[in-house]
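Quick notes on the structure that follows.
The numbers here are math on the coordinates, done by the rules we state, and not lab data. Keep in mind it's a predicted model, so treat the numbers as computed, not measured. Cβ atoms come from the backbone with ideal geometry, glycine included; neighbour counts cover every protein chain shown.
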Amino acid sequence: MDLTDRTVVLTGATDGIGRVLALRLAGRVGHLVLHGPQPRSAMAGLLDGLGGRVTYLTADFGHLDQIVRLGEGIRAAVDRVDLLVNNAGRAGTPRREVSADGIEATLQTNYLSTVVLTTALLDRVGRVLDIASATHLSAKLRLADLGLAGPGYSGVGAYAQSKLAIVTYTCWLAGRLDGPTAEAASMHPGIIQSGLLAGMFSIEGDPPSRGADNILSVAGRPESINGRYFDESEPARPNPLALEPAVQSELMDRTAALLSPIGVDPR
Ligand SMILES: NC(=O)c1ccc[n+]([C@@H]2O[C@H](COP(=O)([O-])OP(=O)(O)OC[C@H]3O[C@@H](n4cnc5c(N)ncnc54)[C@H](OP(=O)(O)O)[C@@H]3O)[C@@H](O)[C@H]2O)c1
């Protein structure tokens, strides 16, 4: 996909990989819609330096009602979303945290909120690119306890499960889309130095520019990427669980149940 003159929505544009990606996209695409949890006034350092047409919208992924409003705000701003990059994400925390919606916070931020936003934009989206993580490869889905209330919670485990959920969702969604005009893929952006990486792992990462370039490389692929998973910029195999129809189906049923209080059913 040639991104020139396209409308691109990017979540989590205020820091790390997303911030560099915003800088790369600004002035190159037709209309860049950026999301962050920070108020616009706090983002002047980023936004004032961006060329081209830019819209900035705020929402905390820890509050589902804010994601519903974010979807409405994007719909009001654009008729079409050629590319939706679902990049916003957080680290798992050492102690289990619960959001204002009563849901395990990492699952909500990294998975449920992304599903809500994608569902809100689905009738006008071209390419959905969900930023997952290679940690999903060794994860399992606790389908009967997605909120990890039972024994054995860990921050890395919660993060990895949330990323397996988004990869599984992406594979499920790809099966519902019609390929040429609408498609969904997920990817691992690399091991990248960021607040998120430092929040979970004591390892050095590559600079955020590498993650941004990997996302640009996948987002710009000319062929259909519907249902694909990428490790950095190369096609790779996702966790086999993500491809199992029974797992996808149960995940979507449980996702719908978690989202029923806000009246969203992604199925
Ligand atoms: N870094 C890695 O090695 C790595 C590896 C695999 C996958 N990833 C994925 O890549 C994506 C970007 O991560 P990153 O490394 O660039 O991390 P980052 O520097 O921490 O950036 C994460 C972005 O998400 C936003 N965000 C976090 N919590 C949010 C919330 N509750 N509501 C709304 N926005 C929120 C952050 O906003 P503020 O910072 O402004 O609060 C920031 O803009 C994530 O999905 C992450 O899981 C990263």
Region 30-35 - phi-based ³J(HN,Hα) in whole Hz, Karplus 6.51/-1.76/1.60, Gly and Pro as x
x, 9, 10, 9, 9, 10
Restricted to the chain, the DSSP antiparallel beta bridge percent, nearest 5, is 15
Yeah, region 38-119 with a ≥ b ≥ c from its alpha-carbon gyration tensor (a/c under 1.5 is rounded, else prolate when a/b outruns b/c, oblate otherwise) is prolate
With the dipole of the chain worked out from charges on the C-beta (+1 for Lys and Arg, -1 for Asp and Glu) around the Cα centre, which of ALA149, PRO208, GLY52 lies farthest toward the positive end?
GLY52
Quick one: what are the phi-derived ³J(HN,Hα) couplings along region 126-135, Karplus 6.51/-1.76/1.60 with θ = phi - 60°, whole Hz, x for glycine and proline?
x, 10, 9, 10, 8, 8, 9, 6, 5, 4
Around ASP206, which amide H atoms from residues at least 5 apart in sequence, or from another chain, sit under 5 Å from its own amide H, with H modelled in the peptide plane?
ILE191, ILE192, GLN193
Per-residue HN-Hα couplings for region 70-78, Karplus 6.51 cos²θ - 1.76 cosθ + 1.60 at θ = phi - 60°, whole Hz, x for Gly and Pro?
4, x, 5, x, 5, 4, 6, 8, 9
Overall Cα dimensions of region 23-82, principal axis frame, Å, largest first
31, 27, 15
Which shape class, rounded, prolate or oblate, goes with region 1-137 when its Cα gyration tensor gives a ≥ b ≥ c as root eigenvalues, a/c under 1.5 marks rounded, and past that a/b bigger than b/c marks prolate?
prolate
Where a ≥ b ≥ c are root eigenvalues of the Cα gyration tensor, a/c under 1.5 meaning rounded, otherwise prolate if a/b exceeds b/c and oblate otherwise, region 219-259 counts as prolate
In debye, nearest 20, what is the charge dipole magnitude of the chain about its Cα centre with +1 on Lys and Arg Cβ and -1 on Asp and Glu Cβ, if you could check?
160
R0 of 30 Å, Cβ-Cβ distance SER154-ASP265: FRET efficiency to nearest 0.05
0.45
Placed amide H near TYR56: partners under 5 Å, 5+ positions off or other chain:
LEU34
Please report the Cα spread of region 7-262 along all three principal axes, rounded to whole Å, starting with the longest.
49, 38, 37
Distance in nm between label sites at ARG69 and ARG176, each 7 Å beyond Cα in the beta-carbon direction?
2.6
Explain nothing, just the number: dipole magnitude of region 126-259 about its Cα centre with +1 on each Lys and Arg Cβ and -1 on each Asp and Glu Cβ, in debye rounded to the nearest 20.
200
Using modelled backbone amide H atoms (1.01 Å from N, in-plane), which distant-in-sequence or interchain residues come within less than 5 Å of ALA236's amide H?
TYR229, PHE230, ASP231
A chain fully extended from ARG237 to ARG221 at 0.36 nm per residue, minus the present Cα-Cα distance, gains in nm 4.0 nm
Under 12 Å, Cβ to Cβ, from GLN248 - net charge with Lys/Arg +1 and Asp/Glu -1
0
